[in-house]
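Structure record follows, encoded as structure tokens.
The values are calculated or read from the model by the stated rules, or taken from the named source; none is laboratory data. For clarity, every value in this text was computed on a predicted model and none was experimentally measured. As a convention, Cβ positions derive from the backbone with ideal geometry for all residues, glycine included, and neighbour counts pool all protein chains shown. What goes into the accessible areas is simple: the full protein's heavy atoms, side chains included, and nothing from ligands, DNA or RNA. Shrake-Rupley method; radii C 1.70, N 1.55, O 1.52, S 1.80 Å.
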Amino acid sequence: PVQTDLFFSRKIGLSDTGQPVPILGGARLTGKVGKNSIAVLDVQTDSAFGKPGDNFFVSRYSRDVLRRSRIGAIFINKESVDGSQHFNRTMGVDGNFSLGNSFQVSSYVARTATNPDAPWLGGRPIGDGQDMAFYGRVAYRDPKWNLWVNYLDAQENFNPEAGFLQRTGGHRTTKAYFGPTPRPKKGNVKLFEPMYVLTYTTDQTNRLVNRLHHLMLGTTLRNDTFINVIYQKHMDVLDLPFTIRPNVTIPTGAYNMDEWMFTFNTSPGKKFFQRVTWQPNEFYGGRRQSVSYAVGARATSRLSSELQYNRNDVKMPWGNFLVNLATLRVDYTFSPRMTIRSLTQYNTSTHEISNNIRFNLIHRPGSDLFVVYNDLRQTGLPADVFAQADRQLVVKLNYLIQK
């Protein structure tokens, strides 16, 4: 998973708790002239949940160097529009260098600046300095090998409000990946994908707070059936109690967990396909049994669908809970340039039914029209079994002025 993103566009239009926030409007401009690329985005949200609206401004410049490399810079400004002077800014420079056909080096240095003097933040203090992050990656990849190592150092006050940070507070994370990809020339196996990943995270004093050993053996047969076995040995330190459910709080402490995952997936290219996953895991002093089953069908060359069911049964000394999630996806292709997809989910944890319908029309390569309808309904309410909770219609147009 991604450890950090300086800019994460999905945060626009959502509150800190994940509730939709109205978007008043926005504009985006991207382009490339010669070796120079530029992108500018400006979006304005409306006030909601007692918090004023925010203006998001993002600018990005990069330049091609050498044969297949680039250097660049980014500036992000998130600022409230009610005169409170609250802002959060992220500035960074980065480079991505391809050295030969298989070797790659990438890195960035970033800094954030925040004015927390706003009433809805509760006077949250921020220290002087300690607001930088450094990321580096070295990778080697060819048809037989996939090797890389990442290093992220995020200081205590590094705070990209318009981005994504996997772990808050100061931390240092090293992540190493080892994955050969043998391809037998004979037999029923088309591809083996053994993998070992080590993730090692400390705080800024080098105290270990998270360690994960991830071992996987994926096997793809010649009929495209995929069989996967994953084992993880996970150690996680909680310095603060963690509320995972309204009535279930995991106390502080160091937790060691053995985690397994077994997956069997028939070829998705067939007319009918299925996928089964079973995860018997230790989970913060207790047990978590997860089962997932999906069945899909390609009725025609244009129409396909998939029905999936997930069950998570968690039993811990601090409390038990059960979550079921059912998902139905339907895709229809009118033409190579016109598609529609619907996604319906029911979650027993939140007692919600959500619907998402997305229509996409490609006017020409690089120019798209998206029409998206979202619907969220609460079930089990006394007044109305299917009470309306939220409804949203979004229209997005991308137009390529010049190639």
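Counting only strands (runs of 3 or more DSSP E) that sit completely within segment 1-67, those holding 2 or more residues that are among the polar types (S, T, N, Q) and either touching a strand residue (DSSP E or B) at 6+ places or on another chain (Cβ under 9 Å) or over 25 Å from Ile401 (Cα atoms) (or both) correspond to 36-45, 54-65. Name the one entry in Thr205, Thr114 that is of a type in the set (Val, Ile, Thr), at negative phi, at pLDDT below 90 and out of contact with any His (no Cβ under 7 Å at 6 or more places or on another chain). Result of the check over Thr205, Thr114: Thr114. Condition test on Val93, is it open to solvent by 40 Å² or more (accessible area, probe 1.4 Å), within 30 Å of Gly170 (Cα to Cα) and in contact with a strand residue (DSSP E or B) (Cβ under 8 Å, 6 or more places away or on another chain)? The answer is yes for Val93.
Within segment 166-182, the residues that satisfy the criterion of being open to solvent by 30 Å² or more (accessible area, probe 1.4 Å) and within 23 Å of the chain's Cα centre (by Cα) are Gln166, Arg167, Thr168, Arg172, Thr174, Ala176, Tyr177, Phe178.
As a summary of the residue check, Glu156 satisfies the conditions (1) closer than 30 Å to Phe87 by Cα; (2) surrounded by fewer than 16 Cβ atoms within 10 Å (Cβ to Cβ); (3) in contact (Cβ under 8 Å) with a residue 40 or more places away in the chain except for the one numbered (2). In the condition set (1) farther than 21 Å from Ile230 by Cβ; (2) under 25 Å from the mean Cα position of the chain (by Cα); (3) not in a strand (DSSP E or B), Thr300 is compliant with all but (2).
Just one of Asn312, Asn324 is exposed (fewer than 15 other Cβ atoms within 10 Å of the Cβ), part of a strand (DSSP E or B), in contact (Cβ under 8 Å) with a residue 12 or more places away in the chain and not small (Gly, Ala, Ser); which is it?
Step by step, each of Asn312, Asn324 is checked, and only Asn324 is exposed (fewer than 15 other Cβ atoms within 10 Å of the Cβ), part of a strand (DSSP E or B), in contact (Cβ under 8 Å) with a residue 12 or more places away in the chain and not small (Gly, Ala, Ser).
Of the residues making up segment 183-206, not a single one is out of contact with any helix residue (DSSP H, G or I) (no Cβ under 9 Å at 6 or more places or on another chain), open to solvent by 40 Å² or more (accessible area, probe 1.4 Å), farther than 24 Å from Gly269 by Cβ and among the basic types (Lys, Arg).
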